[in-house]
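The values are calculated or read from the model by the stated rules, or taken from the named source; none is laboratory data. Since the model is a prediction, treat every value here as computed from it, not as a measurement. Reconstructed Cβ throughout: ideal geometry from the backbone, glycine too, with neighbour counts over all protein chains shown.
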Amino acid sequence: MMKRKFIVFLAAILMIVLVGCATTDFKQATSSSDIEASLSKAGLQICQQAGIQPVESLGLVKGQFYQLHTDCAQFDPNQPGAKIWALEFDSLTARNAALRRLTSEWRRGLGHAYVWTAGPYLILIDGQRLTHVEANLKQAMIALGAQ
């Protein structure tokens, strides 16, 4: 029993340390227009988008859902280039709680998921996507300063 408690305690400490090291400064100036500009500079087009409503109890201020492609003329909503969610939080605590939940409890859809932080934002890519769109998206996140 004591050994189990120690392992759980050690895992919790390790998760806190890793989440703290792998995130950007919450005060980093980032906006949805910064994210969109970074996507555009990386050669990605926003083919469809939708707003995400605030959820005060989670600290979610606002968000955007994007379906991306390198050329919207080739966009197929059933097989998008990539789907991303950009979620803005009101506090470091709320953003990191969402990050912990995504990385520990959330069940992935199709494909491998990536989660970045950029200031008050969590940016998530998940599901089926095209390899070249994913590569451009990773470049966009690097240029944005996301981690």
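So how many residues does region 113-124 have that are surrounded by 22 or more Cβ atoms within 10 Å (Cβ to Cβ), out of contact with any helix residue (DSSP H, G or I) (no Cβ under 6 Å at 6 or more places or on another chain) and either of a type in the set (A, V, I, L, M, F, W, C) or free of Cβ contacts under 8 Å to residues at least 24 places away in the same chain (or both)? Qualifying residue count for the region: 1.
Leu68 falls short on exactly one of the conditions (1) at pLDDT 90 or above; (2) surrounded by fewer than 19 Cβ atoms within 10 Å (Cβ to Cβ); (3) in contact with a Lys or Arg (Cβ under 9 Å, 6 or more places away or on another chain), and that condition is (2).
Applying the condition of being more than 20 Å from Ile52 (Cα to Cα) and of a type in the set (A, V, I, L, M, F, W, C) to region 62-101 and asking which residue is farthest from the chain's Cα centre (by Cα) yields Ala73. Which of the residues belonging to region 21-65 are free of Cβ contacts under 8 Å to residues at least 60 places away in the same chain, charged (D, E, K, R) and under 21 Å from Thr93 (Cβ atoms)? Answer for region 21-65, where residues must be free of Cβ contacts under 8 Å to residues at least 60 places away in the same chain, charged (D, E, K, R) and under 21 Å from Thr93 (Cβ atoms): Glu56, Lys62.
Given the condition of a type in the set (Asp, Glu) and either modelled with pLDDT of 75 or more or in contact with a Phe, Trp or Tyr (Cβ under 6 Å, 6 or more places away or on another chain) (or both), answer yes or no: does some residue in region 21-31 qualify? No - not one qualifying residue is present in region 21-31. Being among the β-branched types (Val, Ile, Thr) and touching a helix residue (DSSP H, G or I) at 6+ places or on another chain (Cβ under 7 Å) is not true of Ile52.
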